[in-house]
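J.: Starting off with a structure, shown below.
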Amino acid sequence: MFLINCPYCGERDQSEFSCGGEAHIVRPKQPTELSDNQWAEYLFMRKNIKGVQFERWNHAHGCRKWFNMVRDTSNDKIHAVYKMGEKPPVE
Amino acid sequence: MTKFRVNKTKHVDQTKTVSFNFDGKSYHGFDGDTLASALLSNGVHLVGRSFKYHRPRGIMSCGSEEPNAICQINEDTDLTEPNVRATEIELYEGLKASSQNCWPSVNFDIGGINNFISPFIPAGFYYKTFMWPKSFWKKIYEPLIRWSAGLGKSPTKPDPELYDHKHVHCDVLIIGGGISGIIASKIAAKNNLRTILIEDKNILGGSTIFQKNENYKINNKYSSEWLDEEIVELQKLDNLTIKTRTSLAAYHSYNYLLAKENISDHLPLDKRNGDIRQRLWKIRADKVLVATGAIERPLVFNNNDRPGIMLANSVKKYLDFYGVSCGFNNVIFTNNDSAYETAVSLKEKGISVEIIDIRKKSNSKIVKNAEKLGVKIYWNSTIVNTFGHRKINSIEIMNLSEDGSNVVGDKNRINCDCLAVSGGWTPMVHMHTQSGGKLDFRENDQTFIPTEIDENHINVGSCNGDFELEEIINNTNKKVKNFLKVSETEFDNTSVLNSKELDKRNIWLLPNYISEGKCKSFIDFQNDSTVKDIKLALREGFKSIEHVKRYTTTGMATDQGKLSNMHALGIIADTVGVKMGTLGTTTFRPPFTPLTFGSIVGRSVGKFFDIIRKTSIHEWHSQNNAKFENVGQWKRPWYYPINDEGLHDAVQRESKAARDSAGILDASTLGKIDIQGTDASEFLNRVYTNAWSKLGIGKCRYGLMLNEDGMVYDDGVTTRLGENHYLMTTTTGGAANVLSKLEDYLQTEWPELDVYLTSVTDHYSTASICGPNSKKILTKIFPDKDFSDEAFPHMSYQNAKIDEINCRIMRISFTGELSYEINIESKYGKSLWEKCIEVGKEFKITPYGTETMHLLRAEKGFIIVGQDTDGTMTPIDLQMDWIVSKKKYDFIGKRSLYRSDTIREDRKQLVGLLTDDPNEVLEEGAQIVSDVNKKPIEMIGHVTSSYFSPNLNKSIALAVVKSGKKMNGQKLIVPMENKNINVTVSDSVFLDKENKRIYA
Ligand SMILES: [Zn+2]
């Protein structure tokens, strides 16, 4: 059970949050221009790596804000949290 | 006092007799005993039968590692509990316990026959044998396995006791109240840190508390006396919470831990008073110190499982802590010095003991101490066999060859009534690895030692591989100082005297003159797996330790292999010829010891199991005989039976009334989202499939929402309340998810939109009145309002007042009837409803529930998201092409509507079904086929909604069928268990295709 540092509320228990999967996958601005393969790439393909991963999290039972988090999936170490729209920290 | 109670100790009060019952026989023990120590004091060793071979088994240990003494307690009461370790139950007056896994009795066990046919029960036996024929499973194999397995009986009634959860935060959590834990707690608490110390036993002190040996002294005192004084001082510290009878269950990441406190388990049943039985502590600690100690290892040799064969340190604890001698003619079998402490304790009390030591010789202080007391030691020797059916009576020993790989010389038979075994010590690294910690293998004593993972978690004492008293005290002190950043402590200059172990010899599988195939050398006592099983698994090609473990079930019992894992690894390494450290270990998973379900669920039982949501009109429904159904967390009226009407009759009556005159439904549970902002219209354009820009103020529109994959996600009517103000409704079950999804898009994809969302589901109550007389009823409630089609058209809304209370009236319909929904602040919901009922009386207004609502909308062919859709249906599949805007450039899911898969013409599509026999009602979920003769029969769809329609006087159904769009009029078959039902594909709108009734 992690402790997550919500960029709006501070440190809270993981049970207040929900995970929204991989971060920085931008919804295409012109979906109709895309081929099936390009659309499928956006819709279905996720990296799900073992190691440092960029993820979307939502403080669902708190401020309800979405934010991004850098987590090492192999040991659950959280390296950074940052607001939506902010640049990811360079590793 | 029984003859086995040879010693008076301060831990057992021999003035307080406690009577108890084991396997139907009455015994006496004393206050302070465990069930195990009380049984041993009565000379009872045999307490159960082994799992597979039903071999007699006795008490082996004194703690949570116990594999054999597994009991059912308080059978025939509501408080009965299976799989309880006799070594952990504190004895109380009236305790009733019985051994598990034996029938008809522990002394005569029918399953014992397995022991004689054991060559036929090798590793993987169940996988290999009970495979075929398939028909044997249900009637023969399964009952046989269940009957012979006998892993205790579950209680048959609800648990009458209370359980609790508690959340705590602390600076330092210390797990284990042995000598290391005590030193650490004292340092932490004295340095102004909020400290919690948990200990699973009822007193602190670990194994040092009964150590009174002149070879082990601290500051010139016996180590037990020194520790007693420390404990007295410890209990005075303000910053320290000491929780005994509390065992750690799980150690999760970020120092989040679960511990179970036993509050009343040690009390007689009649003294429990309905108070809390167990409390689960949920602890978030800044720093965690693990001091869980070590578990003594057994040795693996032929017939090493007889009653009377015990762990050496446990024999010492029974003697020095409980005052019970496990035998009068003891033999100790060891590969290390620690067992000599047991020998010295026995000998000092005048009890006979001899030692078999596999080492060639040792001259440590404790060995010399034993020799001086006249203990006979057989060096370089091993046990090759043991004898005695219900209890050990003798052993056979031989000398070991130089390299230990074989036995040499003559056999020597020695009589004994207790064999105390020690194969060294295994640090309890379970907690460390649960938290994500890694292990290093230490060659010299063949142990896995924790490697530190971060600055907020350390291991101290013997769980960290420090076994000598001097190491334990000095290293614990040093590590804790470092960990807590303390510069000096009272333990800095502690003088410690201890006997150092000088010689080591480890042989995982002791050699024998008897061939391996004929030996019964047990590794896992609880699951009855032997060396033979492990070797067979290796021969059959299993290589990974995780696979061997599962195939042989070694380490898979309720003790999670606390005594067996190391030997299994050692023997695999030896057999395969690799170094043990390279094999890795199996994964230790929580809980460390089994948890009760009660402690896991805590107070979340009965009506507190989940949140129950009720509308403001709920009380009226209850008083009017409503039967309720659960929709998400909501309780919704299902139907309102009159007298002894059943579901069918009530629904037929309600449905007819709604179409013939007037019906009223509590629609308050529908999700409601208030949407405001200058971009509200644009937002709706993006989330719904249809166009919203041109919807006039005061108008309502039905909308369909998709997922990005093009599948229908939710639907509902949205009303434009003002230029920049909408009220969206969602399905009852989808409300929370829809809000989350909309928030997600607003915050992450379209942050530029000026839109604000507020959930107002609970703010408003909704009465939905439908039927040809609904307009008359509304006119009576709102006499000043003009309800003509011109003044108040279908799909529009108006504000109104009842007795000065504001409300909103929407003219919308989910039944196909002329219909109005009145929204009012929730606190007035019940008054509104009562008014509607009162006014509607002259029109025989009939309250109806969800079942009638479902029927009415099915007559009209309206879908229910989640019933007629299942996350694989596009609007096109639903034949709802009309709601998908062709003009809009984009909306959620648009691009997916023409992926190669979604444009397939043979997708399952929504159709109507009419049974050839109009009285035959299909089962929802039933499969649909077109040809029953062509095998295998292809299933082309299934029934999603099915009712008998009283208004059409025939059975109707909605279904999804492959290529259904093109099948109108086609005959299909719904095969049931005993018959095939013939059906015809029809339009999905069964009633009033022309929409006349809405304008009635
Ligand atoms: Zn927050």
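The values are calculated or read from the model by the stated rules, or taken from the named source; none is laboratory data. These figures come from a predicted structure and were not determined experimentally. Using ideal geometry, Cβ is built from the backbone for each residue, glycine included, and neighbour counts are taken over all protein chains shown. Surface areas here come from the heavy atoms of the whole protein model, side chains and all, with no ligands, DNA or RNA. Shrake-Rupley method; radii C 1.70, N 1.55, O 1.52, S 1.80 Å.
J.: How many residues does region B:201-231 hold that are in a strand (DSSP E or B) and charged (D, E, K, R)?
T.: Residues that pass the stated criteria total 2.
J.: Please list, ordered by first then second residue, the pairs with beta carbon atoms under 6 Å, 6 or more apart or interchain, first in region B:680-692 and over 16 Å from residue B:741 (Cβ atoms), second open to solvent by 30 Å² or more (accessible area, probe 1.4 Å).
T.: Sorted first by the residue in region B:680-692, then by its partner, the pairs are B:680/B:724; B:681/B:693.
J.: Quick check on region B:260-273. Is at least one of its residues open to solvent by 20 Å² or more (accessible area, probe 1.4 Å), within 14 Å of another protein chain (Cβ to nearest Cβ), assigned to a strand (DSSP E or B) and at negative phi?
T.: Looking for residues that are open to solvent by 20 Å² or more (accessible area, probe 1.4 Å), within 14 Å of another protein chain (Cβ to nearest Cβ), assigned to a strand (DSSP E or B) and at negative phi, one finds none in region B:260-273, hence no.
J.: If you take the residues of region A:8-45 that are of a type in the set (D, E, K, R) and under 18 Å from residue B:741 (Cβ atoms), which of them is nearest to the chain's Cα centre (by Cα)?
T.: For region A:8-45, the residue satisfying everything is A:22.
J.: Across region A:39-63, what is the number of residues that are more than 16 Å from the ligand (Cβ to nearest atom), hydrophobic (A, V, I, L, M, F, W, C) and open to solvent by 20 Å² or more (accessible area, probe 1.4 Å)?
T.: Filtering region A:39-63 down to residues more than 16 Å from the ligand (Cβ to nearest atom) leaves A:39-54.
Keeping just the survivors that are hydrophobic (A, V, I, L, M, F, W, C) gives A:39-40, A:43-45, A:49, A:52, A:54.
Next, from what is left, pick out any that are open to solvent by 20 Å² or more (accessible area, probe 1.4 Å): A:40, A:43-45, A:49, A:52, A:54.
Qualifying residue count for the region: 7.
J.: Being in a loop (DSSP other than H, G, I, E, B), within 14 Å of another protein chain (Cβ to nearest Cβ) and open to solvent by less than 40 Å² (accessible area, probe 1.4 Å), is that true of even one residue in region B:906-916? Please lay out each step first, then the result.
T.: Residues of region B:906-916 that are in a loop (DSSP other than H, G, I, E, B), as a first pass: B:906-907, B:916.
Checking the rest, the ones that are also within 14 Å of another protein chain (Cβ to nearest Cβ) come to none.
Checking region B:906-916: not a single residue is in a loop (DSSP other than H, G, I, E, B), within 14 Å of another protein chain (Cβ to nearest Cβ) and open to solvent by less than 40 Å² (accessible area, probe 1.4 Å).
J.: Right, something else. Is region A:6-21 home to any residue that is more than 9 Å from every other protein chain (Cβ to nearest Cβ) and closer than 25 Å to residue B:890 by Cβ?
T.: yes
J.: Of a type outside the set (Ser, Thr, Tyr) and either in a strand (DSSP E or B) or within 21 Å of residue B:872 (Cβ to Cβ) (or both), is that true of residue B:921?
T.: Judged against the criteria, residue B:921 is not a match.
J.: Among the residues of region B:541-581, how many are open to solvent by 10 Å² or more (accessible area, probe 1.4 Å) and β-branched (Val, Ile, Thr)?
T.: 6
J.: List the strands (runs of 3 or more DSSP E) inside region A:1-69, counting only whole elements, that have at least 3 residues being in contact with a Gly (Cβ under 9 Å, 6 or more places away or on another chain).
T.: Those strands (runs of 3 or more DSSP E) span A:52-58.
J.: So, one more: Provide a single number: the residues in region B:232-259 that are part of a strand (DSSP E or B) and over 30 Å from residue A:78 (Cα atoms). Quick ask: steps written out before the conclusion?
T.: Going through region B:232-259, the residues part of a strand (DSSP E or B) turn out to be B:240-243, B:246-252, B:256-259.
Narrowing the set further to residues that are over 30 Å from residue A:78 (Cα atoms) leaves B:240-243, B:246.
Of the residues in region B:232-259, 5 are part of a strand (DSSP E or B) and over 30 Å from residue A:78 (Cα atoms).
J.: Looking at region B:885-896, which of the residues that are touching a residue at least 60 places away in the same chain (Cβ under 8 Å) and surrounded by fewer than 19 Cβ atoms within 10 Å (Cβ to Cβ) is nearest to the other protein chains (Cβ to nearest Cβ)?
T.: So, considering only residues that are touching a residue at least 60 places away in the same chain (Cβ under 8 Å) and surrounded by fewer than 19 Cβ atoms within 10 Å (Cβ to Cβ), the one nearest to the other protein chains (Cβ to nearest Cβ) is B:890.
J.: Consider residue B:741 against the criteria (1) within 14 Å of chain A (Cβ to nearest Cβ); (2) open to solvent by 30 Å² or more (accessible area, probe 1.4 Å); (3) outside any loop (DSSP other than H, G, I, E, B): it satisfies all of them except one. Which criterion is unmet?
T.: The one condition residue B:741 does not meet is (2).
Table: residues versus (1) open to solvent by 40 Å² or more (accessible area, probe 1.4 Å); (2) assigned to a strand (DSSP E or B); (3) assigned by TED's automatic domain parsing to the domain that holds residue B:209.
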{"residue": "B:466", "(1), (2), (3)": "no, no, yes"}
{"residue": "B:478", "(1), (2), (3)": "yes, no, yes"}
{"residue": "B:483", "(1), (2), (3)": "no, no, yes"}
{"residue": "B:487", "(1), (2), (3)": "yes, no, yes"}
{"residue": "B:503", "(1), (2), (3)": "yes, no, no"}
{"residue": "B:506", "(1), (2), (3)": "yes, no, no"}
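J.: Return a yes/no flag: does region A:64-80 have any residue that is more than 13 Å from the ligand (Cβ to nearest atom), surrounded by fewer than 12 Cβ atoms within 10 Å (Cβ to Cβ), of a type in the set (A, V, I, L, M) and free of Cβ contacts under 8 Å to residues at least 60 places away in the same chain.
T.: No, every residue in region A:64-80 fails to be more than 13 Å from the ligand (Cβ to nearest atom), surrounded by fewer than 12 Cβ atoms within 10 Å (Cβ to Cβ), of a type in the set (A, V, I, L, M) and free of Cβ contacts under 8 Å to residues at least 60 places away in the same chain.
J.: Going by the conditions given, is residue B:930 buried (at least 20 other Cβ atoms within 10 Å of the Cβ) and either on the phi < 0 side of the Ramachandran plot or touching a Pro at 6+ places or on another chain (Cβ under 7 Å) (or both)?
T.: Spelling it out, it is not the case that residue B:930 is buried (at least 20 other Cβ atoms within 10 Å of the Cβ) and either on the phi < 0 side of the Ramachandran plot or touching a Pro at 6+ places or on another chain (Cβ under 7 Å) (or both).
J.: Being in contact with a Phe, Trp or Tyr (Cβ under 6 Å, 6 or more places away or on another chain) and not basic (Lys, Arg): is that true of residue B:41 here?
T.: Yes; evaluated as a whole, the condition is true for this residue.
J.: Further question on the same structure: Is there a residue in region B:173-194 that is in a strand (DSSP E or B), open to solvent by 60 Å² or more (accessible area, probe 1.4 Å) and over 30 Å from residue B:499 (Cβ atoms)?
T.: Taking region B:173-194 first, the residues in a strand (DSSP E or B) are B:173-175.
Narrowing the set further to residues that are open to solvent by 60 Å² or more (accessible area, probe 1.4 Å) leaves none.
Checked region B:173-194: no residue is in a strand (DSSP E or B), open to solvent by 60 Å² or more (accessible area, probe 1.4 Å) and over 30 Å from residue B:499 (Cβ atoms).
For every residue, the table says whether it meets (1) open to solvent by 40 Å² or more (accessible area, probe 1.4 Å); (2) at pLDDT 95 or above.
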| position | (1), (2) |
| --- | --- |
| B:583 | yes, no |
| B:586 | no, no |
| B:593 | no, no |
| B:616 | yes, yes |
| B:622 | yes, yes |
| B:635 | yes, yes |
| B:642 | yes, yes |
| B:658 | no, yes |
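J.: Any residue at all in region B:296-314 that is open to solvent by 20 Å² or more (accessible area, probe 1.4 Å) and under 35 Å from the mean Cα position of the chain (by Cα)?
T.: yes
J.: Within region A:38-69, work out how many residues are at negative phi and within 10 Å of chain B (Cβ to nearest Cβ).
T.: Selection size over region A:38-69: 13.
J.: Kindly provide the set of residues from region B:217-258 that are hydrophobic (A, V, I, L, M, F, W, C) and either within 14 Å of chain A (Cβ to nearest Cβ) or without any contact (Cβ under 8 Å) to a residue 24 or more places away in the chain (or both), ordered by number. Give the steps one after another, and end with the answer.
T.: Let us first name the residues in region B:217-258 that are hydrophobic (A, V, I, L, M, F, W, C), namely B:218, B:226-227, B:231-232, B:234, B:237, B:240, B:242, B:248-250, B:257-258.
Those that are hydrophobic (A, V, I, L, M, F, W, C) and either within 14 Å of chain A (Cβ to nearest Cβ) or without any contact (Cβ under 8 Å) to a residue 24 or more places away in the chain (or both): B:226, B:232, B:249, B:250, B:257, B:258.
J.: If the requirement is being within 44 Å of the chain's Cα centre (by Cα) and closer than 27 Å to residue B:222 by Cα, which of these qualifies: B:369, B:336?
T.: B:336
Quick grid of which residues meet (1) open to solvent by less than 20 Å² (accessible area, probe 1.4 Å); (2) in contact with a Gly (Cβ under 8 Å, 6 or more places away or on another chain); (3) on the phi < 0 side of the Ramachandran plot; (4) not in a loop (DSSP other than H, G, I, E, B):
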site: B:18; (1), (2), (3), (4): yes, yes, yes, yes
site: B:26; (1), (2), (3), (4): no, no, yes, yes
site: B:38; (1), (2), (3), (4): yes, yes, yes, yes
site: B:44; (1), (2), (3), (4): no, no, yes, no
site: B:54; (1), (2), (3), (4): yes, yes, no, no
site: B:57; (1), (2), (3), (4): yes, yes, yes, yes
site: B:60; (1), (2), (3), (4): yes, no, yes, no
site: B:64; (1), (2), (3), (4): yes, no, yes, no
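J.: Among the residues of region A:16-38, write down those that are in contact (Cβ under 8 Å) with a residue 24 or more places away in the chain and away from the ligand (no atom under 13 Å from the Cβ).
T.: If the condition is that a residue be in contact (Cβ under 8 Å) with a residue 24 or more places away in the chain and away from the ligand (no atom under 13 Å from the Cβ), then A:19, A:20, A:21, A:22, A:23, A:24 are the ones that fit.
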